[in-house]
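Below: the structure, in structure tokens.
The values are calculated or read from the model by the stated rules, or taken from the named source; none is laboratory data. Note that the coordinates shown come from a computational prediction; the quantities given were computed from them, not determined experimentally. Here the Cβ is made from the backbone with ideal geometry for all residues, glycine too, and neighbour counts use every protein chain on show. The accessibility values were calculated without ligands, DNA or RNA, using every heavy atom of the protein model including side chains. Shrake-Rupley method; radii C 1.70, N 1.55, O 1.52, S 1.80 Å.
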There are 4 protein chains.
Amino acid sequence: MRIGMLTSGGDCQGLNAALRGVAKTLYNEFGDKLTLYGIRDGYRGLIEGDYHEMKESDFSDILTVGGTILGTSRQPFKSMLKAEENEETKLEKMLKTIKEAKFDCLVILGGNGTHKTANLLSEHGVHVVTLPKTIDNDLWGTEMTFGFQSAVDIATTVIDSIHSTAFSHSRVFIVEVMGHKAGWLTLYAGIASGADVIIIPEIPYSAKAIAKAIQKREKSGKRFSILAVAEGAISQEEAKMSKKEFKAAREAMPYPSISYRIAEELKELTGQEIRVTIPGHYQRGGAPCPADRLLTSRLGVAAAQLIRDGKFGNMVAVQDDKIVPVPLSEVAGKLKTVPPDSDIVQAARDLGLSMGD
Amino acid sequence: MRIGMLTSGGDCQGLNAALRGVAKTLYNEFGDKLTLYGIRDGYRGLIEGDYHEMKESDFSDILTVGGTILGTSRQPFKSMLKAEENEETKLEKMLKTIKEAKFDCLVILGGNGTHKTANLLSEHGVHVVTLPKTIDNDLWGTEMTFGFQSAVDIATTVIDSIHSTAFSHSRVFIVEVMGHKAGWLTLYAGIASGADVIIIPEIPYSAKAIAKAIQKREKSGKRFSILAVAEGAISQEEAKMSKKEFKAAREAMPYPSISYRIAEELKELTGQEIRVTIPGHYQRGGAPCPADRLLTSRLGVAAAQLIRDGKFGNMVAVQDDKIVPVPLSEVAGKLKTVPPDSDIVQAARDLGLSMGD
Amino acid sequence: MRIGMLTSGGDCQGLNAALRGVAKTLYNEFGDKLTLYGIRDGYRGLIEGDYHEMKESDFSDILTVGGTILGTSRQPFKSMLKAEENEETKLEKMLKTIKEAKFDCLVILGGNGTHKTANLLSEHGVHVVTLPKTIDNDLWGTEMTFGFQSAVDIATTVIDSIHSTAFSHSRVFIVEVMGHKAGWLTLYAGIASGADVIIIPEIPYSAKAIAKAIQKREKSGKRFSILAVAEGAISQEEAKMSKKEFKAAREAMPYPSISYRIAEELKELTGQEIRVTIPGHYQRGGAPCPADRLLTSRLGVAAAQLIRDGKFGNMVAVQDDKIVPVPLSEVAGKLKTVPPDSDIVQAARDLGLSMGD
Amino acid sequence: MRIGMLTSGGDCQGLNAALRGVAKTLYNEFGDKLTLYGIRDGYRGLIEGDYHEMKESDFSDILTVGGTILGTSRQPFKSMLKAEENEETKLEKMLKTIKEAKFDCLVILGGNGTHKTANLLSEHGVHVVTLPKTIDNDLWGTEMTFGFQSAVDIATTVIDSIHSTAFSHSRVFIVEVMGHKAGWLTLYAGIASGADVIIIPEIPYSAKAIAKAIQKREKSGKRFSILAVAEGAISQEEAKMSKKEFKAAREAMPYPSISYRIAEELKELTGQEIRVTIPGHYQRGGAPCPADRLLTSRLGVAAAQLIRDGKFGNMVAVQDDKIVPVPLSEVAGKLKTVPPDSDIVQAARDLGLSMGD
């Protein structure tokens, strides 16, 4: 039993914990019959044949360690199929590595882009089992991805901290939370931290509506407001644009990120200085929270069992708080976004928060 | 609309966040028509007529505050129905207070004992809506209680910390985790912290089995072991005793808690000194974790909606990650314990952990 | 005994703890003879006569609360002395408020700007005692200001977290740490977090020297580097400029902050993408760390004793780990920066870190 | 240059950070001429010749890791000099190992017991440099030991958390803090967490005085009290006993630790149930706090410099916030306890806290 493991895409909390979960269960199941290989820097290592044998002790003491001991890289899916004339495609190179290394199975940890390539490999006959990794929680087929809950903890802590400054200076603050297409992280951290306005990509915002929410608070004696804004926030005007128009509009935008534009719009509407805080990559680093350690352990066990049972071509997923396999073909290329009428969005509104619309 | 609120039983993280969730939603829904009353120290305040009008601002800035602004107390359920001759029972006194205060509804936050009394009030015609509070997660009818995830975070952090000492001194450590009847907290924190042995009340332990697990680790070169032990742990011998025999056995036990006995048993079997750490009430104090703040917010909204819709006699519960009402009559008097064959226990075993049996 | 208290300048951790320290000691000393007044939003409240009587219970439960219960504001020192024709200066308005309110003494918490105005008031006969507040630790006359150690904790935690991402992606990261004129925060957090390069305003940087440090690490097999950069970092070229030239150069700089420019410079020199994280105001919010709570308690006690002993016109300061009074005239207008040859800078160099020069 | 390193005594936060500081500075200074050896489990490894060559990469990524990568053990000083007839003493065995291994110098990290043996080795001609490690901060000759500030952070966090339970249940709580002979940890954590009563070994307590402090709080409307009690607390009666009487009294004490006795005494005097929480070893585990990481880095640099300069027989110490060498002969066998009239004790009293006397 020769198994190759790789972590791909942006790193997040829990990658090592998940690797440990898979490895401990496999060693427990197969003992000496098992050899694990670490593939370096995600698909890059698979393309370039950069892998190495691992020992059981490599998986000790990594439960709480942030990042990934295997390294990772981002690989655009499209480039996997293209090649210069007389050159192998990256897909062909990967298949060659797998053949040469005699991998019986690949264990792949990643998010959306990663799963497209994993599905491609599966379609080409490679035995693949995957685990859902992303702080964005936007992977189709699973209620929860690992990394998400750790990122919620960090984003919430940052907004908590901004509270004291916002209160003391009677100011409006924007905290920009990670999430380009999906607002899960902003929504969860926004409610958990008691933010006053939450802006997510799924609900295009109106600067006037936000300004009104701020002014309503002022009238009730609350001299500060905190906005949790997803980095992928879009305005109601932008929501009506064609893809091309939108791209042009954003390229012309004279701000390093959307929060600065919203700050400017609000300044004009309210006359107040708006401060912006962007915790950025801080949200994906460091030790996984206990909930992510439990989740990755459970996912790791389930992935190992799929290998034992020969059920390849699946991602291990959370559904109704249980771990179940989901075919890669159902996961690849799809995005799980926040339904604008979901009960959590509705709960935020019921609590008196503004969704900026 | 006159609503009385009380928190009862052992305090835990998220009580204030839950009160805030209910209050914000009610104020948002009913505005000036609403008057909220805080009942002091749980059922004691209801019995003695100790309550006071609250203002909307009382619920500001309490999202992250530990404990309960209303105070709490433990009240044995049985005493509610008994009274001296010519005296009113406590139940009668509570009903009198409710009538005098003209409460249209009571919002009650508590665990198992609390829900028995809440159901009793409901059976006597009082409009009651409850929220499931306990770090033990042992309340029937809900997958999750608030406080639990915060306690998991703390217990996990303590075991994390003990790791470095256990490793450095090559020692065996017991960390005693809260939980008299249910092992959820120990099980979750044990897996999340990478403990080597997990002992829960639902799976009676054998000291020999634990000693074997420790010795197996030693043989594989691991010079330390960490045991997560629920305070309600029982041995396989004790599991066979009658209730009376068990009580007598425990009263004769010359240790302040079960962990010291297990330490002694293991010392005899392994020849090693075993250290015990008991974080105790530390596990139920302080700010709620983000997950508990989100949960309490959602539960608070749901409780307020039940009041709005006149659906009394229910607890708001989590089922399949949704918030649903569950009749008090179904909740009262039942305990949700860890099924010994649950998938999480099985995951622990698959990872190579010992459950001490 | 009528005492007015105000907090001025940027907020930071420990302001409430310090107010509590002063108040508890004064109540303990003077009992009923004491009346404390809270002046709202720093000098603004003193100028506009916006103050209110406080109760002993106002100082309960604020030891761990971030921000300031009194509010704060920034007031440019120069504007204190200027006024429209026929108008009172702000200084005159403050003196009038003090007279009308019959304050026997002012307790002022603040940083550099705040102390200039405090000294001005003292020179005009007002009884003043001050406490040294700033996350920058750049106040003359004291080895330590409160807020600093809490900010070190946060900045260190952020850099810790970035480590896992930098390692996993084999990338160079810049974390921009607060500090316009003084590099204490960057220096302490940089060493404490194991950063590889530390850039502080006191030691102008050379992009080439930084690039060299990164490449030296690469050669030794370390595929990532972390730079802790003070927001007030300046290049060696800029250090040679006149004040006017420098101002012009910075206004022409097409980046929201210096870190982006350094990232661009390094990209050109090393060919690598450099990521930037800016935790911003997150560094000054939230609960004070235990060290700051102890420090503010000790400073508060000392300030109260100066009032009791009638020793006005002083700031309470830390010298040789003792709390001593320092005349305001010695503090006002001076800045404590990092001596480039200080033993802590030398320690960083001895550990193999680059100071970017 | 062959240097052996060992860590001895109870583990604490910062041991690895200190080893890293010494190693990085030595590698930076001596490069290829240096070989470092890790001696396993403190003096045990030196006695038994259990040591191994280390690589520069062994010191990477250990800055934040709790415990000690070298292992540690407790060794009673007296046994170093005693031996069976015809047997070598442990001292002789250690000298033999040092000779055989050709160590040019030993770097020893430890607390009081460790320093006695280190001094003994030094007196026998061994080149020794030591670093002051202990969460108790009770080492003579230095204002600060590493581990102490991390332990203060943890003990403070525990007491913080207990606050919410104490408040919610209107109860009196005892938190037992580590420290057998010295009360530094209890004193610092007690003030930092806002405890109401602080009991340290240096100030024998009177149960009546404590009860009075609790009752005074009750009278002022505060329904709860928190006592920070050092594990080495002694009563005023015990303070008058001879050593022998004291030992007998303690052996007859029917409680696992002093806090339970104080709880019992207070229960009798106040009629209230008193709860006890004992965080135990949790206080010495886990990652060092940023302040300890900075301190260990500075101490490590200084130790390396003493080696470079041939200044053996010294401990690196903190005096007036500077790192200085102190002769081992001055350190060994002496204890630094809290002066009962120190300014920090006085500050606690001025804040209205009871010292239990």
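Scanning region B:194-229 for residues that are hydrophobic (A, V, I, L, M, F, W, C) and in contact with a Lys or Arg (Cβ under 8 Å, 6 or more places away or on another chain) yields a count of 1. Taken over region B:165-174, the criterion of being of a type outside the set (A, V, I, L, M, F, W, C) and open to solvent by less than 10 Å² (accessible area, probe 1.4 Å) is satisfied by B:Thr165, B:Ser168. Of all residues in region B:31-44, those that are farther than 19 Å from B:Pro132 by Cβ and within 12 Å of another protein chain (Cβ to nearest Cβ) total 4.
For region C:46-74, the tally of residues that are away from chain A (no Cβ under 12 Å) and not aromatic (Phe, Trp, Tyr) stands at 15. In region D:74-92, the residues that are within 14 Å of D:Ala118 (Cα to Cα) reach residues that are open to solvent by 50 Å² or more (accessible area, probe 1.4 Å) and not hydrophobic (A, V, I, L, M, F, W, C) with C-beta atoms within less than 6 angstrom, at least six apart or across chains, in these pairs: D:Phe77/D:Lys116; D:Met80/D:Lys90.
With respect to the conditions (1) open to solvent by 10 Å² or more (accessible area, probe 1.4 Å); (2) within 14 Å of another protein chain (Cβ to nearest Cβ); (3) aliphatic (A, V, I, L, M), B:Val177 falls short on a single one, namely (1).
Of all residues in region C:337-357, those that are away from chain D (no Cβ under 13 Å) and crowded, with 21+ Cβ neighbours inside 10 Å total 3.
Out of B:Val326, B:Val338, I need the residue that is touching a strand residue (DSSP E or B) at 6+ places or on another chain (Cβ under 8 Å) and among the β-branched types (Val, Ile, Thr). Which one? Quick ask: steps written out before the conclusion?
Numbers: B:Val338 fails: touching a strand residue (DSSP E or B) at 6+ places or on another chain (Cβ under 8 Å).
So the residue among B:Val326, B:Val338 that is touching a strand residue (DSSP E or B) at 6+ places or on another chain (Cβ under 8 Å) and among the β-branched types (Val, Ile, Thr) is B:Val326.
Looking for something at pLDDT below 95 and either acidic (Asp, Glu) or part of a helix (DSSP H, G or I) (or both) - is there at least one such residue anywhere in region A:94-115? Checked against the condition, which is being at pLDDT below 95 and either acidic (Asp, Glu) or part of a helix (DSSP H, G or I) (or both), region A:94-115 yields at least one hit. Quick check on this structure: which one of B:Glu123, B:Glu143, B:Glu53 is under 29 Å from B:His180 (Cα atoms), touching a strand residue (DSSP E or B) at 6+ places or on another chain (Cβ under 7 Å) and acidic (Asp, Glu)? Checking each option against the conditions leaves just B:Glu143.
Inside region B:255-264, can you point out the residues that are part of a helix (DSSP H, G or I) and open to solvent by 50 Å² or more (accessible area, probe 1.4 Å)?
Residues of region B:255-264 that are part of a helix (DSSP H, G or I), as a first pass: B:258-264.
Correct list: B:Tyr260, B:Glu264.
The number of residues in region A:10-59 that are surrounded by fewer than 24 Cβ atoms within 10 Å (Cβ to Cβ), in contact (Cβ under 8 Å) with a residue 60 or more places away in the chain and outside any helix (DSSP H, G or I) comes to 2.
So is A:Ala230 crowded, with 20+ Cβ neighbours inside 10 Å and in contact with a helix residue (DSSP H, G or I) (Cβ under 8 Å, 6 or more places away or on another chain) or not?
Yes; evaluated as a whole, the condition is true for this residue.
Total residues in region D:67-83 satisfying the condition of being open to solvent by 30 Å² or more (accessible area, probe 1.4 Å) and in a loop (DSSP other than H, G, I, E, B): the figure is 7.
Take the conditions modelled with pLDDT of 95 or more and either surrounded by 19 or more Cβ atoms within 10 Å (Cβ to Cβ) or farther than 30 Å from D:Val152 by Cβ (or both) and apply them to D:Asn86. Does it pass? Answer is no for this residue. None of D:Thr7, D:Thr64 is of a type in the set (Val, Ile, Thr), in contact (Cβ under 8 Å) with a residue 40 or more places away in the chain and either open to solvent by less than 10 Å² (accessible area, probe 1.4 Å) or farther than 30 Å from C:Ile159 by Cβ (or both) except D:Thr7.
Looking across A:Ala239, A:Ala252, one residue alone is more than 12 Å from every other protein chain (Cβ to nearest Cβ), of a type in the set (Gly, Ala, Ser) and open to solvent by 70 Å² or more (accessible area, probe 1.4 Å). It is A:Ala252.
One residue stands out among those in region D:298-315 that are within 14 Å of chain C (Cβ to nearest Cβ) and basic (Lys, Arg): the one that is most open to solvent (accessible area, probe 1.4 Å), which is D:Arg308. Could you run through region A:265-297 and say how many residues are within 13 Å of another protein chain (Cβ to nearest Cβ), under 23 Å from C:Gly10 (Cβ atoms) and open to solvent by 50 Å² or more (accessible area, probe 1.4 Å)? Within region A:265-297, residues that are within 13 Å of another protein chain (Cβ to nearest Cβ), under 23 Å from C:Gly10 (Cβ atoms) and open to solvent by 50 Å² or more (accessible area, probe 1.4 Å) number 2.
Open to solvent by less than 40 Å² (accessible area, probe 1.4 Å), more than 14 Å from chain B (Cβ to nearest Cβ) and either modelled with pLDDT under 95 or not in a helix (DSSP H, G or I) (or both), is that true of D:Val318? Against the criterion (open to solvent by less than 40 Å² (accessible area, probe 1.4 Å), more than 14 Å from chain B (Cβ to nearest Cβ) and either modelled with pLDDT under 95 or not in a helix (DSSP H, G or I) (or both)), D:Val318 qualifies. Taking the options D:Ser220, D:Ser225, name whichever one is closer than 23 Å to D:Asp196 by Cβ and either in contact with a strand residue (DSSP E or B) (Cβ under 6 Å, 6 or more places away or on another chain) or among the acidic types (Asp, Glu) (or both). Just a single option satisfies the conditions, and that option is D:Ser225.
Picking from B:Ala317, B:Ala287, B:Ala291, which residue would you name as being small (Gly, Ala, Ser), in contact (Cβ under 8 Å) with a residue 60 or more places away in the chain and farther than 20 Å from B:Glu143 by Cβ? Spell out the reasoning first.
Numbers: B:Ala317 fails: farther than 20 Å from B:Glu143 by Cβ; B:Ala291 fails: farther than 20 Å from B:Glu143 by Cβ.
Residue meeting the stated conditions: B:Ala287.
State the number of residues belonging to region C:116-155 that are assigned to a loop (DSSP other than H, G, I, E, B), open to solvent by 20 Å² or more (accessible area, probe 1.4 Å) and more than 30 Å from D:Cys289 (Cβ to Cβ). Number of matching residues: 3. Evaluating B:Ser161 against the criteria (1) crowded, with 24+ Cβ neighbours inside 10 Å; (2) without any contact (Cβ under 8 Å) to a residue 24 or more places away in the chain; (3) outside the structural domain of B:Gly280 (by TED's automatic domain parsing) leaves one unmet condition, (3).
For the structure I just gave you, tell me whether C:Glu238 is more than 22 Å from A:Ser257 (Cα to Cα), under 26 Å from the mean Cα position of the chain (by Cα) and part of a helix (DSSP H, G or I). Give the derivation first.
Working: more than 22 Å from A:Ser257 (Cα to Cα): yes; under 26 Å from the mean Cα position of the chain (by Cα): yes; part of a helix (DSSP H, G or I): yes.
The answer is yes for C:Glu238.
Yes or no: B:Gln283 of a type outside the set (Val, Ile, Thr) and over 26 Å from B:Thr157 (Cα atoms)? No; evaluated as a whole, the condition is false for this residue.
Scanning region A:133-168 for residues that are modelled with pLDDT under 95 and hydrophobic (A, V, I, L, M, F, W, C) yields A:Ala166, A:Phe167. List, please: which pairs have Cβ atoms under 8 Å, are six or more places apart or on different chains, and start with a residue in region C:208-226 that is more than 18 Å from C:Val276 (Cα to Cα) and end with one that is open to solvent by 60 Å² or more (accessible area, probe 1.4 Å)? Every condition considered, the pairs that remain are C:Lys208/C:Leu269; C:Ala209/C:Asp357.
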